[in-house]
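All remarks here apply to the structure that follows.
Quick note: the coordinates plus some simple rules give every number you see, no bench work behind them. Small disclaimer: the values here were computed from a predicted structure and weren't measured. For neighbour counting, all protein chains shown are included, and Cβ atoms are generated from backbone atoms with ideal geometry for every residue, glycine included.
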Amino acid sequence: MVMTLEADYAVRIVEYLTKHGERRDAKKISEETQIPLRFSLKILRELVAEGMVCSFKGAKGGYTLAKPPEEITLRQVIESVEGPYMLSRCQKEEYSCGRNHCRLHTIYERISEDVRRELDSYTFAMICAEEPCCCEEERDAP
């Protein structure tokens, strides 16, 4: 299972804006994150619509985070472009496998909830901190 390229780009953009507190125009964001400009603009629009990024028009326009990086989680950014995280399409209401009482539905939902909880545990303040996250230290310990 691989995260979509669009979600990866959204994460890169929010990480970039976290590290550069001042306004940045879309072209600069695109160049410095190595994301094609048209994708940067599309993702920036989605992040603005979700309230994570502010856009400013005009000659001195650009983009900044709309809220502190401590309040923006990895899950929020990924779901802003992909929709709610779920392991299998059978978790979607509009899809039905036609199997009543399928145990896989429950298993997939539990796994999806674990992943959502883990993604929520990482804020962009943690991700962009100078010091490693406490979670990294725990995982690297023997």
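Protection proxy ranking for 108-120, 6-18, using the average of other Cβ atoms within 10 Å per residue and placing the highest first: 6-18, 108-120. Phi angles across region 111-118 convert, under the Karplus curve 6.51 cos²θ - 1.76 cosθ + 1.60 with θ = phi - 60°, into 3J(HN,Hα) values of 5, 4, 5, 4, 5, 4, 5, 5 Hz, Gly and Pro given as x.
Counting Lys and Arg as +1 and Asp and Glu as -1 over every other residue whose Cβ lies under 10 Å from the Cβ of F56, the net charge comes to +2. For T73, no residue 5 or more places off, or on another chain, has a built amide H under 5 Å of its own.
Each residue of region 14-22 is assigned a 3J(HN,Hα), and the resulting list reads 5, 4, 4, 5, 5, 6, 10, x, 7 Hz, derived from the Karplus form 6.51 cos²θ - 1.76 cosθ + 1.60 (θ = phi - 60°), x at Gly and Pro.
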